[in-house]
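The values are calculated or read from the model by the stated rules, or taken from the named source; none is laboratory data. Remember, predicted model here, so these are calculated numbers, not experimental data. FYI the Cβ positions are ideal-geometry reconstructions off the backbone, even for glycines, and counts take in every protein chain you see.
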Amino acid sequence: MRIDIVTIFPEFFDVLDISLLGKARQTGLIDLGVHNLRDATTDRHRTVDDTPYGGGAGMVMKPEPWGQTLDSILDEKKNADAGPLVIFPSPAGEVFTQAMARELVDEEHLVFGCGRYEGIDQRVFDHTAIRARVRLVSLGDYVLNGGEVAVMAMIEAIGRLIPGVVGNPHSLVEESHEDGLLEAPSYTKPSTWRGLDVPPILLSGNHGAIAAWRREQQLERTRRVRPDLLDRAANEGESPSARP
Ligand code: 6GU
């Protein structure tokens, strides 16, 4: 998968050199390009923002550096339905979920445009949508200073779903959200630690009983902490526990 990131803080993404995603880059599973938006400015101060038309607080990112940087990443090809998907992280976007990560891992080429300040001139979105598919995506209902942290989270969630990035693919299916429920608690040795015992069922060797116990733990936890996940599944006309 090819990933391009446009940002005024390219150093932010240095951490993608390490851990599983760093290894995925070394082995060629992920091909990453980080582009400094300021490289597309022409003035002495490398200005990327200006005051908003119509007044108001804060600064808005100017369209020209965005246009020039995206020109260098996006093909001339007119067919906007093929080619890269451009994602702008934004608290005004659709909410990022595991289901969206699973959808995005099938893309060949993702482009992330990190906004700062009060946002990006609307014409950048409108013009990009002429030549590519565009989605605004939010991490959740809170405000970050810019898109960089959000893009890091999305790349980690998507990247680990690329076949070969996570060593044991079975570890992917037993996680929170993969079956619409929160995951069951995990234990390892010793069986007693500081007076706390591992649930005896896990030592029983009865795999059917263990699977049933884990499912019950998942349901109880989800009901207690995230009842909205059960409501959502019900509204979609399926039981989360019945999903493959
Ligand atoms: Cl994607 N961007 C910003 N700036 N704030 C956010 C967000 C994104 N998601 C949640 N808050």
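Quick notes
- Subset of the stretch 80-91 that is more than 9 Å from the ligand (Cβ to nearest atom) and among the small types (Gly, Ala, Ser) - its residue that is modelled with the lowest pLDDT: ALA80
- Residue match in the stretch 224-235 (condition: modelled with pLDDT of 95 or more, of a type in the set (Lys, Arg) and either farther than 12 Å from GLY180 by Cα or surrounded by fewer than 11 Cβ atoms within 10 Å (Cβ to Cβ) (or both)): yes
- Residue in the stretch 63-80 that is nearest to THR41 (Cα to Cα), counting only those that are under 25 Å from the mean Cα position of the chain (by Cα) and in a loop (DSSP other than H, G, I, E, B): LEU74
- Residues of the stretch 120-140 that turn out to be touching a strand residue (DSSP E or B) at 6+ places or on another chain (Cβ under 6 Å) and on the phi > 0 side of the Ramachandran plot, as a count: 0
- Matching helices (runs of 4 or more DSSP H) fully within the stretch 81-194 where at least 3 residues are farther than 19 Å from PHE12 by Cα: 98-104, 122-131, 170-173
- Lone qualifier among GLU94, GLU11, GLU64 - being of a type in the set (Asp, Glu), farther than 16 Å from VAL165 by Cβ and within 15 Å of the ligand (Cβ to nearest atom): GLU94
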